[in-house]
Amino acid sequence: MLPPPPLLRLLRQDRSIQPLSWLQKPKPPTLPANLFKPKESLSQTFLADPNYIFKMVSELDDESEGGKRLIELGPGTGAITSRLWQRYPEMVGIELDQRAMRVLAQKVPGATVIRSDVLMVNYTRLAELRGGPLSIVSNLPFHVASQLLFTLADHADGVRNAHVILQQEVAQRIVAKPNSKKYGIPSVVFQLYADPKILFHLPPTAYFPRPNVMTSYIKLDFEAAAERRRALNVDPRDLRNLTNTAFRYRRKMMSNSLSRILECHTTLINKLPEEYAKLRPEQIEPWEFVHLTQLIFGKKEFPKHFRRAWRGEFGRTVRE
(Lines give C-alpha, C1' and ligand atoms only; values in the text may rest on other atoms or scores of the structure.)
Protein backbone atom coordinates (compact mmCIF):
# COMPACT_ATOMS: atom_id res chain seq x y z
CA MET A 1 0.00 0.00 0.00
CA LEU A 2 1.31 3.45 -0.91
CA PRO A 3 1.93 5.87 2.00
CA PRO A 4 -0.61 8.72 2.35
CA PRO A 5 0.29 12.03 0.70
CA PRO A 6 2.19 14.56 2.90
CA LEU A 7 -0.83 16.83 3.44
CA LEU A 8 -2.99 13.94 4.59
CA ARG A 9 -0.23 12.79 6.98
CA LEU A 10 -0.02 16.31 8.40
CA LEU A 11 -3.77 16.52 8.90
CA ARG A 12 -3.84 13.14 10.61
CA GLN A 13 -1.17 14.33 13.02
CA ASP A 14 -2.99 17.59 13.80
CA ARG A 15 -6.26 16.53 15.39
CA SER A 16 -7.44 20.15 15.69
CA ILE A 17 -7.94 20.17 11.91
CA GLN A 18 -10.92 18.11 10.83
CA PRO A 19 -11.73 18.24 7.09
CA LEU A 20 -15.33 17.14 6.61
CA SER A 21 -14.59 14.44 4.05
CA TRP A 22 -12.31 12.64 6.52
CA LEU A 23 -14.36 12.95 9.66
CA GLN A 24 -15.87 9.78 11.02
CA LYS A 25 -19.57 9.65 11.59
CA PRO A 26 -20.12 11.50 14.89
CA LYS A 27 -21.68 9.92 17.92
CA PRO A 28 -25.20 11.06 18.84
CA PRO A 29 -24.96 14.64 20.20
CA THR A 30 -25.02 14.98 23.98
CA LEU A 31 -24.34 17.61 26.61
CA PRO A 32 -22.03 17.57 29.65
CA ALA A 33 -23.47 15.09 32.14
CA ASN A 34 -25.06 16.61 35.26
CA LEU A 35 -24.01 20.11 34.22
CA PHE A 36 -26.70 21.35 31.90
CA LYS A 37 -30.23 20.36 30.94
CA PRO A 38 -31.81 22.31 28.07
CA LYS A 39 -34.87 24.29 29.10
CA GLU A 40 -37.87 23.52 26.94
CA SER A 41 -39.44 26.83 28.03
CA LEU A 42 -36.50 28.64 26.39
CA SER A 43 -36.61 26.48 23.24
CA GLN A 44 -32.96 25.58 23.85
CA THR A 45 -31.34 23.28 21.30
CA PHE A 46 -27.56 23.04 21.08
CA LEU A 47 -25.48 22.34 18.00
CA ALA A 48 -23.35 19.32 18.89
CA ASP A 49 -22.29 17.77 15.57
CA PRO A 50 -18.54 18.50 15.06
CA ASN A 51 -18.94 18.37 11.28
CA TYR A 52 -21.28 21.35 11.24
CA ILE A 53 -19.36 23.21 13.93
CA PHE A 54 -16.28 22.92 11.70
CA LYS A 55 -18.26 24.20 8.70
CA MET A 56 -19.61 27.15 10.69
CA VAL A 57 -16.20 28.26 11.88
CA SER A 58 -14.70 27.80 8.41
CA GLU A 59 -17.14 30.35 6.97
CA LEU A 60 -15.98 33.13 9.32
CA ASP A 61 -13.49 35.69 8.06
CA ASP A 62 -12.96 38.16 10.90
CA GLU A 63 -9.75 40.11 10.29
CA SER A 64 -9.48 41.99 13.59
CA GLU A 65 -6.44 41.37 15.77
CA GLY A 66 -6.98 38.13 17.66
CA GLY A 67 -10.64 38.27 16.67
CA LYS A 68 -11.38 41.07 19.14
CA ARG A 69 -14.34 42.19 17.05
CA LEU A 70 -15.77 38.66 16.78
CA ILE A 71 -18.82 38.33 19.03
CA GLU A 72 -20.55 35.00 19.68
CA LEU A 73 -24.11 35.43 20.85
CA GLY A 74 -25.52 32.67 23.04
CA PRO A 75 -22.47 30.37 23.30
CA GLY A 76 -24.45 27.92 25.46
CA THR A 77 -22.28 24.96 26.43
CA GLY A 78 -19.29 26.15 24.41
CA ALA A 79 -19.31 23.61 21.57
CA ILE A 80 -18.77 26.37 19.01
CA THR A 81 -16.90 28.66 21.41
CA SER A 82 -14.10 26.19 22.06
CA ARG A 83 -13.44 25.91 18.32
CA LEU A 84 -13.68 29.68 17.77
CA TRP A 85 -11.39 30.49 20.65
CA GLN A 86 -8.57 28.46 19.08
CA ARG A 87 -8.58 30.86 16.13
CA TYR A 88 -9.79 34.05 17.80
CA PRO A 89 -8.43 34.26 21.38
CA GLU A 90 -9.67 37.86 21.81
CA MET A 91 -13.29 37.06 20.87
CA VAL A 92 -16.18 37.89 23.21
CA GLY A 93 -19.21 35.76 24.07
CA ILE A 94 -22.54 37.13 25.32
CA GLU A 95 -24.69 34.68 27.29
CA LEU A 96 -27.77 35.15 29.49
CA ASP A 97 -28.19 31.68 31.04
CA GLN A 98 -26.25 31.49 34.32
CA ARG A 99 -25.97 27.70 34.02
CA ALA A 100 -24.25 28.09 30.66
CA MET A 101 -21.88 30.64 32.17
CA ARG A 102 -20.68 28.01 34.65
CA VAL A 103 -20.16 25.42 31.91
CA LEU A 104 -18.26 27.93 29.77
CA ALA A 105 -15.99 28.84 32.68
CA GLN A 106 -14.93 25.19 32.85
CA LYS A 107 -14.78 24.44 29.13
CA VAL A 108 -13.08 27.62 27.84
CA PRO A 109 -11.66 29.23 31.00
CA GLY A 110 -9.62 31.80 29.08
CA ALA A 111 -12.47 33.14 26.95
CA THR A 112 -14.21 36.44 27.71
CA VAL A 113 -17.94 35.87 28.25
CA ILE A 114 -20.33 38.64 29.31
CA ARG A 115 -23.68 37.91 30.93
CA SER A 116 -26.33 39.93 29.12
CA ASP A 117 -29.49 39.73 27.00
CA VAL A 118 -28.40 39.80 23.35
CA LEU A 119 -31.54 41.76 22.42
CA MET A 120 -30.61 44.58 24.80
CA VAL A 121 -26.96 45.03 23.78
CA ASN A 122 -25.96 48.34 22.17
CA TYR A 123 -23.98 46.88 19.27
CA THR A 124 -23.08 50.32 17.96
CA ARG A 125 -21.39 51.17 21.24
CA LEU A 126 -19.78 47.73 21.47
CA ALA A 127 -18.29 48.23 18.00
CA GLU A 128 -16.77 51.52 19.16
CA LEU A 129 -15.26 49.80 22.20
CA ARG A 130 -13.82 46.97 20.09
CA GLY A 131 -12.37 49.29 17.46
CA GLY A 132 -14.66 48.76 14.47
CA PRO A 133 -17.70 46.95 13.03
CA LEU A 134 -18.40 43.57 14.60
CA SER A 135 -18.50 40.08 13.18
CA ILE A 136 -21.43 38.23 14.76
CA VAL A 137 -21.87 34.46 15.00
CA SER A 138 -24.88 32.93 16.70
CA ASN A 139 -26.83 29.74 17.36
CA LEU A 140 -29.58 31.17 19.55
CA PRO A 141 -33.04 29.68 20.20
CA PHE A 142 -34.92 30.18 16.96
CA HIS A 143 -37.47 32.72 18.20
CA VAL A 144 -34.68 34.87 19.66
CA ALA A 145 -32.55 34.60 16.51
CA SER A 146 -35.31 36.14 14.40
CA GLN A 147 -35.65 39.11 16.75
CA LEU A 148 -31.86 39.44 16.92
CA LEU A 149 -31.59 40.08 13.19
CA PHE A 150 -33.99 43.01 13.38
CA THR A 151 -32.00 44.32 16.34
CA LEU A 152 -28.83 44.14 14.26
CA ALA A 153 -30.58 46.04 11.45
CA ASP A 154 -30.95 48.98 13.85
CA HIS A 155 -27.20 48.77 14.51
CA ALA A 156 -26.23 48.00 10.90
CA ASP A 157 -23.30 50.43 10.74
CA GLY A 158 -21.79 48.77 13.81
CA VAL A 159 -21.93 45.27 12.31
CA ARG A 160 -19.64 44.03 9.56
CA ASN A 161 -21.46 40.74 9.05
CA ALA A 162 -23.61 38.24 10.91
CA HIS A 163 -23.48 34.45 10.61
CA VAL A 164 -26.64 33.10 12.22
CA ILE A 165 -28.49 29.78 12.42
CA LEU A 166 -32.21 30.18 11.73
CA GLN A 167 -35.18 27.99 10.97
CA GLN A 168 -34.90 27.12 7.29
CA GLU A 169 -38.26 28.71 6.58
CA VAL A 170 -37.15 32.02 8.11
CA ALA A 171 -33.87 31.99 6.19
CA GLN A 172 -35.78 31.38 2.96
CA ARG A 173 -38.01 34.37 3.73
CA ILE A 174 -34.98 36.60 4.11
CA VAL A 175 -33.60 35.73 0.65
CA ALA A 176 -37.00 35.41 -1.07
CA LYS A 177 -37.64 37.39 -4.23
CA PRO A 178 -40.81 39.31 -5.19
CA ASN A 179 -43.76 37.36 -6.58
CA SER A 180 -43.21 34.46 -4.19
CA LYS A 181 -45.21 33.37 -1.15
CA LYS A 182 -42.20 33.68 1.14
CA TYR A 183 -41.50 37.31 0.18
CA GLY A 184 -42.33 39.69 3.02
CA ILE A 185 -40.97 42.17 5.55
CA PRO A 186 -37.76 40.19 6.31
CA SER A 187 -37.03 40.05 2.57
CA VAL A 188 -37.41 43.81 2.16
CA VAL A 189 -35.48 44.80 5.28
CA PHE A 190 -32.48 42.52 4.93
CA GLN A 191 -32.12 42.91 1.18
CA LEU A 192 -31.94 46.68 1.73
CA TYR A 193 -29.75 46.65 4.84
CA ALA A 194 -27.41 43.78 3.91
CA ASP A 195 -26.48 41.20 1.30
CA PRO A 196 -28.04 37.94 2.61
CA LYS A 197 -26.92 34.48 1.55
CA ILE A 198 -27.84 31.00 2.79
CA LEU A 199 -24.55 29.12 3.24
CA PHE A 200 -25.83 25.63 4.06
CA HIS A 201 -28.65 23.72 5.76
CA LEU A 202 -28.50 21.63 8.94
CA PRO A 203 -30.65 18.59 9.80
CA PRO A 204 -32.32 18.07 13.20
CA THR A 205 -29.81 15.29 13.94
CA ALA A 206 -27.06 17.92 14.33
CA TYR A 207 -28.64 19.16 17.58
CA PHE A 208 -29.38 18.06 21.10
CA PRO A 209 -32.22 17.88 21.77
CA ARG A 210 -33.43 17.47 18.22
CA PRO A 211 -35.68 20.28 16.95
CA ASN A 212 -38.69 19.52 14.81
CA VAL A 213 -37.51 21.74 11.95
CA MET A 214 -34.69 22.02 9.44
CA THR A 215 -32.32 24.92 9.99
CA SER A 216 -30.05 27.07 7.84
CA TYR A 217 -26.78 28.90 8.39
CA ILE A 218 -27.12 32.34 6.83
CA LYS A 219 -24.70 35.21 6.30
CA LEU A 220 -25.85 38.83 6.35
CA ASP A 221 -23.13 41.08 4.92
CA PHE A 222 -23.95 44.52 6.33
CA GLU A 223 -20.63 46.02 5.26
CA ALA A 224 -21.27 45.27 1.58
CA ALA A 225 -24.56 47.19 1.74
CA ALA A 226 -23.23 50.25 3.62
CA GLU A 227 -23.38 52.60 0.64
CA ARG A 228 -26.83 51.33 -0.29
CA ARG A 229 -28.14 52.08 3.21
CA ARG A 230 -26.74 55.61 3.17
CA ALA A 231 -28.52 56.26 -0.12
CA LEU A 232 -31.96 55.19 1.15
CA ASN A 233 -32.93 58.77 2.10
CA VAL A 234 -35.80 57.71 4.35
CA ASP A 235 -36.48 57.61 8.06
CA PRO A 236 -36.38 53.86 8.82
CA ARG A 237 -39.43 54.30 11.07
CA ASP A 238 -41.42 55.54 8.07
CA LEU A 239 -40.21 52.57 6.02
CA ARG A 240 -41.22 50.23 8.85
CA ASN A 241 -44.67 51.82 9.06
CA LEU A 242 -45.24 51.42 5.34
CA THR A 243 -43.95 47.86 4.94
CA ASN A 244 -45.71 46.65 8.07
CA THR A 245 -49.03 48.08 6.89
CA ALA A 246 -48.62 46.76 3.36
CA PHE A 247 -47.83 43.17 4.35
CA ARG A 248 -50.49 43.10 7.05
CA TYR A 249 -52.93 43.05 4.12
CA ARG A 250 -50.72 41.23 1.64
CA ARG A 251 -53.61 39.94 -0.49
CA LYS A 252 -55.01 43.43 -1.02
CA MET A 253 -53.91 45.92 -3.64
CA MET A 254 -51.61 48.65 -2.39
CA SER A 255 -54.25 51.32 -2.96
CA ASN A 256 -56.40 49.59 -0.34
CA SER A 257 -53.74 48.43 2.10
CA LEU A 258 -52.09 51.86 2.35
CA SER A 259 -55.29 53.91 2.37
CA ARG A 260 -55.19 54.21 6.17
CA ILE A 261 -51.68 55.68 6.08
CA LEU A 262 -52.76 58.26 3.50
CA GLU A 263 -55.85 59.15 5.56
CA CYS A 264 -54.38 59.23 9.07
CA HIS A 265 -50.86 60.61 8.57
CA THR A 266 -49.53 63.89 7.27
CA THR A 267 -48.35 62.82 3.83
CA LEU A 268 -47.13 64.50 0.66
CA ILE A 269 -49.63 62.74 -1.62
CA ASN A 270 -53.31 61.85 -1.33
CA LYS A 271 -53.27 58.71 -3.45
CA LEU A 272 -50.73 56.25 -4.76
CA PRO A 273 -49.26 56.57 -8.26
CA GLU A 274 -50.92 54.31 -10.80
CA GLU A 275 -47.82 52.11 -11.18
CA TYR A 276 -48.21 51.02 -7.54
CA ALA A 277 -51.95 51.29 -6.85
CA LYS A 278 -52.99 47.98 -8.43
CA LEU A 279 -50.04 45.94 -7.21
CA ARG A 280 -49.94 43.68 -4.17
CA PRO A 281 -47.08 44.01 -1.65
CA GLU A 282 -45.44 40.77 -2.77
CA GLN A 283 -45.04 42.23 -6.28
CA ILE A 284 -42.99 45.24 -5.17
CA GLU A 285 -39.18 45.23 -5.09
CA PRO A 286 -37.38 46.31 -1.89
CA TRP A 287 -36.09 49.54 -3.49
CA GLU A 288 -39.65 50.35 -4.63
CA PHE A 289 -40.78 50.32 -0.98
CA VAL A 290 -38.09 52.93 -0.39
CA HIS A 291 -39.40 54.99 -3.31
CA LEU A 292 -42.95 54.75 -1.97
CA THR A 293 -41.77 55.85 1.48
CA GLN A 294 -40.09 58.88 -0.09
CA LEU A 295 -43.25 59.75 -2.05
CA ILE A 296 -45.52 59.49 0.98
CA PHE A 297 -43.33 60.81 3.81
CA GLY A 298 -40.71 62.78 1.89
CA LYS A 299 -36.98 62.29 1.50
CA LYS A 300 -35.06 62.37 4.77
CA GLU A 301 -31.43 61.81 5.63
CA PHE A 302 -30.86 58.22 6.67
CA PRO A 303 -29.61 58.25 10.29
CA LYS A 304 -25.83 58.07 10.67
CA HIS A 305 -26.14 56.68 14.19
CA PHE A 306 -28.31 54.11 15.93
CA ARG A 307 -32.05 54.71 15.78
CA ARG A 308 -34.47 52.09 16.98
CA ALA A 309 -36.86 51.18 14.22
CA TRP A 310 -37.02 47.43 13.64
CA ARG A 311 -36.34 45.72 16.97
CA GLY A 312 -39.28 44.37 18.96
CA GLU A 313 -42.60 43.97 17.23
CA PHE A 314 -41.05 42.52 14.09
CA GLY A 315 -39.90 39.40 15.87
CA ARG A 316 -43.23 37.92 14.84
CA THR A 317 -43.38 39.11 11.24
CA VAL A 318 -40.96 36.43 10.09
CA ARG A 319 -43.84 34.00 10.60
CA GLU A 320 -46.32 35.82 8.38
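The values are calculated or read from the model by the stated rules, or taken from the named source; none is laboratory data. Here the structure is a predicted model, which means the values were calculated and not measured. Backbone-built Cβ (ideal geometry, glycine too); neighbour counts: all protein chains shown.
Quick one: Val213 ticks every box in (1) in the same structural domain as Gln172 (by TED's automatic domain parsing); (2) in a helix (DSSP H, G or I); (3) β-branched (Val, Ile, Thr) except a single one, so which number is it?
Looking at each condition in turn, Val213 falls short on (2).
Report, by residue number, each residue of the range 114-164 that is farther than 21 Å from Gly184 by Cα, out of contact with any strand residue (DSSP E or B) (no Cβ under 7 Å at 6 or more places or on another chain) and assigned to a helix (DSSP H, G or I).
Those that are farther than 21 Å from Gly184 by Cα, out of contact with any strand residue (DSSP E or B) (no Cβ under 7 Å at 6 or more places or on another chain) and assigned to a helix (DSSP H, G or I): Thr124, Arg125, Glu128, Leu129, Arg130, Asp157.
Would you tally the residues in the range 165-195 being of a type in the set (A, V, I, L, M, F, W, C) and not in a helix (DSSP H, G or I)?
Kept after step one, since they are of a type in the set (A, V, I, L, M, F, W, C), are these residues of the range 165-195: 165-166, 170-171, 174-176, 185, 188-190, 192, 194.
From what is left, the residues that are not in a helix (DSSP H, G or I) are 165-166, 176, 194.
The total comes to 4.
Can you pull out the residues in the range 264-305 that are part of a loop (DSSP other than H, G, I, E, B) and at pLDDT 90 or above? Working first, answer last.
Taking the range 264-305 as the starting set, the residues that turn out to be part of a loop (DSSP other than H, G, I, E, B) are 265-273, 278-280, 284-285, 298-305.
Correct list: Lys278, Leu279, Arg280, Ile284, Glu285.
Checking Ile94 against (1) crowded, with 20+ Cβ neighbours inside 10 Å; (2) not in a strand (DSSP E or B), only one condition comes out false. Which one?
Here Ile94 meets the rest and fails (2).
Among (1) of a type in the set (A, V, I, L, M); (2) under 23 Å from Lys299 (Cα atoms); (3) over 11 Å from the mean Cα position of the chain (by Cα), which single condition is Ala153 missing?
Against the list (1) of a type in the set (A, V, I, L, M); (2) under 23 Å from Lys299 (Cα atoms); (3) over 11 Å from the mean Cα position of the chain (by Cα), Ala153 comes up short only on (3).
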